[in-house]
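Data first, discussion second: the structure below is written as structure tokens.
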Amino acid sequence: MAFQGMIKNAYQDASLNKNVGTFAFWFHRLSGIGLAVYLIMHTYVLSSAISGKESFSARMGAVQNPLFAFLEIVLIGGVFFHMLNGLRISICDFFDLTRAHKLFFWIEMVLFIAIMVLTVILQWPKLQSGFYPTM
């Protein structure tokens with residue numbers, strides 16, 4: 001019930017304050033949560049190396065498919081958005097440039113889009129061919 005209340009409050013906040021800062025704040029929070037979830041899953045997969053080569057190969061084989069190739073693109077997007085937005089926040093706060101935060105946000109978005117275009121170009125063959133290197 002408390003989680004439902006948090007979602008309702010977040011939605012009300014976003015609908016009342018429809019500006020760049022609000023959306024950057026929520027996307028930053030969501031990307032941080034997504035990265036934390038990824039870190040747990042990553043640790044789970046890599047922890048199988050303790051059990052031996054066969055166990056590790058089996059678990060890695062389970063995540064070597066087109067769905068996870070797409071999720072790698074989403075992961076890279078989350079990492080770079082979170083990083084660029086964190087840099088924007090740090091620059092605006094430490095150098096007293098808070099009045100220019102919208103300009104910095106759009107610079108961040110241009111860099112983010114450029115990085116994502118490059119990411120998709122590099123990952124596209126992996127998505128199309130279904131070829132994944134073996135261990």
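Within the stretch 13-25, if we keep just the residues that are more than 15 Å from Glu108 (Cβ to Cβ) and not polar (S, T, N, Q), the residue that is surrounded by the most Cβ atoms within 10 Å (Cβ to Cβ) turns out to be Ala14.
Say whether the condition of being among the polar types (S, T, N, Q), crowded, with 16+ Cβ neighbours inside 10 Å and modelled with pLDDT of 85 or more is met by at least one residue in the stretch 118-129. The answer is yes; a qualifying residue exists. Please verify whether the stretch 95-107 includes one or more residues that are in a helix (DSSP H, G or I), modelled with pLDDT of 95 or more and surrounded by 15 or more Cβ atoms within 10 Å (Cβ to Cβ). Within the stretch 95-107 (the criterion being in a helix (DSSP H, G or I), modelled with pLDDT of 95 or more and surrounded by 15 or more Cβ atoms within 10 Å (Cβ to Cβ)), the answer is yes, since at least one residue qualifies.
Kindly check whether there is at least one residue in the stretch 112-127 that is under 24 Å from Ala10 (Cα atoms) and among the basic types (Lys, Arg). Looking for residues that are under 24 Å from Ala10 (Cα atoms) and among the basic types (Lys, Arg), one finds none in the stretch 112-127, hence no. When the stretch 69-88 is limited to residues that are more than 11 Å from the chain's Cα centre (by Cα) and surrounded by fewer than 18 Cβ atoms within 10 Å (Cβ to Cβ), the one that is modelled with the lowest pLDDT turns out to be Phe70.
Yes/no matrix, rows are residues, columns are (1) within 25 Å of Val117 (Cα to Cα); (2) of a type in the set (Ser, Thr, Tyr):
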| position | (1), (2) |
| --- | --- |
| Gly5 | no, no |
| Ala10 | no, no |
| Asp13 | no, no |
| Phe25 | yes, no |
| Ser55 | no, yes |
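The values are calculated or read from the model by the stated rules, or taken from the named source; none is laboratory data. Fair warning: this is a prediction, and the values are worked out from it, not measured in the lab. Backbone-built Cβ (ideal geometry, glycine too); neighbour counts: all protein chains shown.
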